[in-house]
Amino acid sequence: MAGGGLSQMLTRLLDTYRKLEENRAFSVLLHPGVLANRRRFLRELEQRPLVMRSQPTTVEIELTNRCDLACIQCLRSQGLRPYKLGDITPEHFERILSQFPHTMNLSLNGFGEPLLHREFFTLVAHARARLPWAKIVIYSNGNRLDEATCERLPESGLTEINVSIDAASPATYKKVRRGGNLTRVHDNLRRLVGARRRTNARLPLIGVNYVLLNENEGELVPFIEQAAELGVDFVNCISYATYDWGFQNRRTRDSYRRELDAARTRLGELRLRCRTFPSDDLSWTDPMARFDCRFFWGESVRVTYDGTMTLGCCTPFKETYSYGNLLTTPFEEIWNGEAIRHNRLLTLHHEVPNASCASCDKTCKTFFDGGDERKYISLAVAGN
Ligand SMILES: C[S@@+](CC[C@H](N)C(=O)[O-])C[C@H]1O[C@@H](n2cnc3c(N)ncnc32)[C@H](O)[C@@H]1O
Ligand code: SF4
Ligand code: SF4
């Protein structure tokens, strides 16, 4: 094997080892079928056949689409709306989960607040028992991390909790995360970090999230400083998903660049880990890019609380798009059924396959410069 190939293989092995170690997931080595599926899946994700032989390895199951906040950037607050609110039952959760025996990443999220589910800990325990090797994750607004919840989380089987904050000042938080309280969230995070330390537990890993919005311009660096002070394990910095959902970015490329550059510097100074960071070159905003999307090949699969399999991504509601219901149709049938094969075929030809996808930011258009495409292109050519 050439030197380059060997070093690539070693890098991949080291990376896999780090992930297994961080997530306490070494027991996957006792399940060769899961590992074989993952290898096949990654191969197919590159090859993009119309019919997939492997199963997806990342699955999101919504526990509830109810929420106690009404965040300004959230699809459920504006633009798209879930039609009917509700919670998953433990029986339906089991029936859905049993159809994904090769899952390695399980997210218990959709468009709601998972900690509102009254049987949250029971559902996490079910998932852990069924998938002992899996990374089991939630995103939470963090307002409900009370003492009892914080005490239970380290023993719950949850691998990771990401608390969404999106602000550094109480005033901005109040404007963005409507109905929440920043001081309470900070206190809750201190409590959770403390509970984990007291029990000598390594899990759940604790992260905090920041979506770059119109309203929180200039607060990313202080947010990072607060995260370091709170003692969380990492931060996620995410770009705003906008466009035809009813949101419009009003920030300029310069504003984004400046804030991201300053954030990168501060992260380095504080030696704080950042798990997600918007791409450096901002090529994701290129309005001339050809349509493409990996969700049709199962980059992740998303199931709503009532069993509906949706597009897998940011267009989450069954009212917007449904491949079928996993409580009445087996996953294997949906996974290579007519609808998904149609979406795969058109995507291979860079054609937007349906109206929902036409409204998402994969297909759009311009992010900066007020939607003026020509202005954007001339800026891009000028290298700004
Ligand atoms: C939809 S929420 C659900 C979980 C939980 N309620 C929370 O707020 O973390 C999951 C994540 O999506 C993010 N999000 C919501 N709307 C978004 C948007 N328009 N663009 C990017 N991220 C968004 C939230 O900030 C949050 O971090
Ligand atoms: S807390 Fe989460 S689900 Fe609820 S409105 Fe905010 S982003 Fe949406
Ligand atoms: S809505 Fe967008 S991200 Fe979702 S499947 Fe369609 S193109 Fe992909």
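Each row is one residue, and each column tells you yes or no for (1) within 14 Å of ligand 2 (Cβ to nearest atom); (2) more than 19 Å from residue 23 (Cβ to Cβ); (3) not charged (D, E, K, R).
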{"site": "110", "(1), (2), (3)": "yes, yes, yes"}
{"site": "113", "(1), (2), (3)": "yes, yes, no"}
{"site": "148", "(1), (2), (3)": "no, yes, yes"}
{"site": "205", "(1), (2), (3)": "no, no, yes"}
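Of all the numbered requirements in (1) over 29 Å from residue 311 (Cα atoms); (2) part of a helix (DSSP H, G or I), residue 24 misses one, and that requirement is (2). If only residues of the stretch 209-254 that are among the small types (Gly, Ala, Ser) and within 16 Å of ligand 3 (Cβ to nearest atom) are counted, the one that is farthest from the chain's Cα centre (by Cα) is 246. Yes or no: residue 138 crowded, with 22+ Cβ neighbours inside 10 Å, under 30 Å from residue 29 (Cβ atoms) and within 12 Å of ligand 2 (Cβ to nearest atom)? For residue 138, the condition - crowded, with 22+ Cβ neighbours inside 10 Å, under 30 Å from residue 29 (Cβ atoms) and within 12 Å of ligand 2 (Cβ to nearest atom) - is met. Whether any residue in the stretch 185-193 is surrounded by fewer than 21 Cβ atoms within 10 Å (Cβ to Cβ) and among the acidic types (Asp, Glu) is what I want to check. Yes: the stretch 185-193 contains one or more residues that are surrounded by fewer than 21 Cβ atoms within 10 Å (Cβ to Cβ) and among the acidic types (Asp, Glu). Note on the stretch 220-314: enclosed strands (runs of 3 or more DSSP E) holding 1 or more residues that are more than 16 Å from ligand 1 (Cβ to nearest atom) are 273-276, 301-303.
Restricting attention to the stretch 320-329 and to residues that are more than 16 Å from residue 63 (Cα to Cα) and more than 16 Å from ligand 1 (Cβ to nearest atom), the residue that is surrounded by the most Cβ atoms within 10 Å (Cβ to Cβ) turns out to be 323. One residue alone among 108, 45 is in contact with a Pro (Cβ under 6 Å, 6 or more places away or on another chain) and under 26 Å from residue 239 (Cα atoms), and that residue is 108. All told, residue 86 falls short of being within 16 Å of ligand 3 (Cβ to nearest atom) and touching an Asp or Glu at 6+ places or on another chain (Cβ under 9 Å). Within the stretch 161-169, the presence of at least one residue that is within 16 Å of ligand 2 (Cβ to nearest atom), within 19 Å of the chain's Cα centre (by Cα), surrounded by 20 or more Cβ atoms within 10 Å (Cβ to Cβ) and acidic (Asp, Glu) is confirmed.
Determine whether residue 143 is closer than 26 Å to residue 24 by Cα, within 12 Å of ligand 1 (Cβ to nearest atom) and surrounded by fewer than 22 Cβ atoms within 10 Å (Cβ to Cβ). Against the criterion (closer than 26 Å to residue 24 by Cα, within 12 Å of ligand 1 (Cβ to nearest atom) and surrounded by fewer than 22 Cβ atoms within 10 Å (Cβ to Cβ)), residue 143 does not qualify. Residue 85 satisfies every condition listed in (1) within 16 Å of ligand 2 (Cβ to nearest atom); (2) out of contact with any Lys or Arg (no Cβ under 8 Å at 6 or more places or on another chain) except (2). One residue stands out among those in the stretch 333-352 that are over 14 Å from residue 304 (Cβ atoms) and without any contact (Cβ under 8 Å) to a residue 40 or more places away in the chain: the one that is farthest from ligand 3 (Cβ to nearest atom), which is 333.
Any idea which of 193, 185, 208, 221 is more than 20 Å from residue 115 (Cβ to Cβ) and among the β-branched types (Val, Ile, Thr)? Going through 193, 185, 208, 221 in turn, the sole match is 221. Across the stretch 347-359, what is the total count of residues that are surrounded by 16 or more Cβ atoms within 10 Å (Cβ to Cβ) and away from ligand 1 (no atom under 16 Å from the Cβ)? So the answer is 4.
Only the coordinates and a few stated rules stand behind these numbers; no lab work does. Only a predicted model underlies this, so the values are computations on that prediction, with no experimental measurement involved. In this analysis, Cβ positions are derived from the backbone assuming ideal geometry, glycine residues included, and neighbour counts consider all displayed protein chains.
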